[in-house]
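Have a look at the structure below before the remarks.
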Amino acid sequence: MSAETGNQSALQFLNIRQRYGSRTVLDDIQFSAASGEWLVLFGESGSGKSTLLRIAAGLERPERGSVKMLGAEQSTVPPHQRPVAWMVQTAGCYEHLTVSEILDI
């Protein structure tokens, strides 16, 4: 997939590879997304969906490859300075909060 905004993509994954021990969960992942474009990652448990998102957020560093946002390399940008939001797929992480309180976080 190659969707671009002007001459640069809003988000690019370039040759991402990530292994845990001998298990390869991401191998040569490469795609881009335009600003405002919605993407869906789906696959079986353990297929690397969360790993790819953690790499985009800066919570993990890929073994190989890079992430660019609006053309800027993100490998040295700390997680709190990246334009990325993280939403967990289960509310169980916030059992002590109501839905309204979770949305206010």
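The values are calculated or read from the model by the stated rules, or taken from the named source; none is laboratory data. Predicted model only: the values in this text are computed from it and were never measured. SASA here: full protein model, heavy atoms, side chains in, ligands and nucleic acids out. Shrake-Rupley method; radii C 1.70, N 1.55, O 1.52, S 1.80 Å.
Values for this structure:
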item: Carbon and sulfur %, accessible surface of region 4-89 computed with the full protein complex present, 1.4 Å; result: 51
item: Sequence-distant residues sharing a close amide H with residue 11 (under 5 Å, placed H); result: 33, 70
